[in-house]
1. Could you list the residues of the stretch 158-174 with an amide nitrogen less than 15 Å from a label point located 7 Å from the Cα of residue 11 in the Cα-to-C-beta direction?
2. Classify the stretch 7-66 as rounded, prolate or oblate from the Cα gyration tensor: take a ≥ b ≥ c as the square roots of its eigenvalues, call it rounded if a/c is under 1.5, otherwise prolate when a/b beats b/c and oblate if not.
3. Which far-off residues, 5 or more places away or on another chain, put their amide H under 5 Å from the one on residue 7, with H placed in the peptide plane?
4. Could you order peptides 76-85, 19-28, 153-162 by the average number of other Cβ atoms within 10 Å of their residues, highest first?
5. Between the alpha-carbon centers of the stretch 18-78 and the stretch 112-158, tell me the distance in whole angstrom.
6. Return one whole number: the accessible area per residue of the chain in Å², for a 1.4 Å probe.
7. How large is ³J(HN,Hα) for each residue in the stretch 73-80, as worked out from phi by the Karplus curve 6.51 cos²θ - 1.76 cosθ + 1.60 (θ = phi - 60°), to whole Hz, x for Gly and Pro?
8. Check the straight Cα-Cα distances from residue 65 and name the lysines below 19 Å, setting aside those fewer than 8 residues away within the same chain.
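The values are calculated or read from the model by the stated rules, or taken from the named source; none is laboratory data. Please read these numbers as outputs of a predicted model, since none were measured by experiment. Note that each Cβ is placed from the backbone with ideal geometry, even for glycine, and that neighbours are counted across all protein chains shown. Surface areas here come from the heavy atoms of the whole protein model, side chains and all, with no ligands, DNA or RNA. Shrake-Rupley method; radii C 1.70, N 1.55, O 1.52, S 1.80 Å.
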Amino acid sequence: MRKIGVLVSGRGSNLQAIMDRIADGFLPLEIAVVISDKEDAFALERAGMAGIKNVVIPRKGCASKEEFEAKITAELQAAGCELVVLAGFMRILSADFVNTWEHKIINIHPAILPSFPGLHGQKQALDYGVKVAGCTVHFVDAGTDSGPIILQKVVPVMDDDTEDSLSERILVQEHIAMPEALKLWAENKLEIVGRKVRIKA
Ligand code: GAR
């Protein structure tokens, strides 16, 4: 079974979706470690309840970003991870980290990229007045939410949507999109060609 590490910062509903799809046999993967930069992240409890190794690496406990990321890499390597999954990890990773894990980091973002990168993608979409919104699963490059796109899911935006109601509708699709992308990766069906991801049959 190929091993992945999951980086989180909060609630961990995407982590839960991955764990659930491993448990029901859809995903041929093992989560070897869950790493959080926040010690009060509920995601840690979710991992603990499932018997998955979970580690807190607070940024403030490190003298530099370099040291913070070196600790993350050491944990991931010690656990034998082949892939790093960002599931609500709310920090920008350095170019050094991205190079260390080139083409081996997958992120989920709550917007149809390249629109609305960065923080609060759902609110940005709502404020802009778009009629459709959604989520994107992509490989991470050195930019912010700019790497090759694996797949996207679309939802309608309603006239009476709030940030919460739109976020909830998108989240349902996130929980479908991330396991789908990870399954394609696990089955070696993703090929990165330039900035495009081709899905092999
Ligand atoms: C998700 O909506 C995810 O797309 C978003 O944070 C939320 C985490 O929820 N990520 C980003 O905005 C990254 N830029 P979760 O902790 O319940 O999975």
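1. 162-174
2. Working: a/c = 2.67, a/b = 2.16, b/c = 1.24.
The shape class here is prolate.
3. Here 35, 85, 86, 87 satisfy the definition.
4. Numbers: 76-85: 18.9, 19-28: 15.3, 153-162: 12.9.
Highest mean packing first, the order is 76-85, 19-28, 153-162.
5. One Cα centre to the other: 24 Å.
6. 49 Å²
7. Ordered by residue, 3J(HN,Hα) equals 4, 4, 5, 4, 5, 4, 7, x Hz.
8. 38
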